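**Student:** Following this message is one structure expressed as structure tokens.
The values are calculated or read from the model by the stated rules, or taken from the named source; none is laboratory data. What you see is a predicted model, and the numbers here were worked out from it, not measured in a lab. Cβ placement follows ideal geometry from the backbone for every residue including glycine, while neighbour counts extend to all protein chains displayed. Side chains are part of the model used for accessible areas, which takes the heavy atoms of the whole protein and leaves out ligands, DNA and RNA. Shrake-Rupley method; radii C 1.70, N 1.55, O 1.52, S 1.80 Å.
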Amino acid sequence: MPNNLENFSSNLVDAQSEKETEVELASPWNRIAAYIINTLLTSIVVTPGIIILIIEMIRSKSIGYNLIGPVLCIMIPLTIYGIWQIILMSKTGQSLGKRLMNIKVIGMDGRNPGFIGTVLLREMVFNMIVTIVSLILTFIFVGLLNFPETLTSNFFEYLTPFILLVMLFRKKTLHRTLQDYLARTIVIKVNN
């Protein structure tokens, strides 16, 4: 087994052979591309609803606003798409973007982390922690230290993505980001 950080020996246990399997880490560029693909797909899903919302707002200036329909045109497809992504991540460790980039999330033990690891910890809990820390830091900097609010909020808005980007390129830590540490996961290449 080569001692290379690009290859990560994980305890993937095959039920029949019970052998350890070596996996290859996903490149930072593949992970970034998967994120961009997921963001673009989300935008595509909500675009028709946003267009309907804009048309309804323009059309109803003289009539009055009835935005329930257009908002539902955004929320229903977004909810369906979100549930689909959650199911995919829970069952396979792959979002649509990850699937297109041939990468997936696995636990450090080599198993599929399921809903708790891929969705709950990596996404929901992580985003709640980031939001709470940002609010606390904003309160400290704006409320106690009198920093300008717009400067502080913009700084914290871009701080987390910057930290994640730096972590993504660190070979020494196996390209793991804060979400990976929280959920005890790693992102690998999938061999087709």
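**Student:** Before we move on, is ILE136 surrounded by fewer than 16 Cβ atoms within 10 Å (Cβ to Cβ), in contact (Cβ under 8 Å) with a residue 24 or more places away in the chain and at negative phi?
**Tutor:** no
**Student:** When both residues are 6+ apart or on different chains and their Cβ atoms are under 7 Å apart, which pairs have a first residue that lies in region 144-159 and is closer than 13 Å to THR131 by Cα, and a second that is open to solvent by less than 90 Å² (accessible area, probe 1.4 Å) and not acidic (Asp, Glu)?
**Tutor:** What qualifies is SER153/THR138; PHE156/SER134; PHE156/LEU137; PHE156/THR138.
**Student:** With the requirement that a residue be crowded, with 18+ Cβ neighbours inside 10 Å, out of contact with any strand residue (DSSP E or B) (no Cβ under 6 Å at 6 or more places or on another chain), small (Gly, Ala, Ser) and not in a loop (DSSP other than H, G, I, E, B), what does region 84-116 give you?
**Tutor:** GLY97
**Student:** Separate question: Does region 172-190 hold any residues that are touching a residue at least 24 places away in the same chain (Cβ under 8 Å) and not hydrophobic (A, V, I, L, M, F, W, C), and which are they?
**Tutor:** LYS172, HIS175, GLN179, ASP180, ARG184, THR185, LYS189 - these are the residues of region 172-190 that are touching a residue at least 24 places away in the same chain (Cβ under 8 Å) and not hydrophobic (A, V, I, L, M, F, W, C).
**Student:** Also, I was wondering about something else. With THR42, THR47, THR21 as the choices, which residue is at pLDDT 55 or above, in contact with an Asp or Glu (Cβ under 9 Å, 6 or more places away or on another chain) and not aliphatic (A, V, I, L, M)?
**Tutor:** Among THR42, THR47, THR21, only THR21 is at pLDDT 55 or above, in contact with an Asp or Glu (Cβ under 9 Å, 6 or more places away or on another chain) and not aliphatic (A, V, I, L, M).
**Student:** Among the residues of region 158-180, what is the count of those that are outside any loop (DSSP other than H, G, I, E, B) and open to solvent by 50 Å² or more (accessible area, probe 1.4 Å)?
**Tutor:** 10
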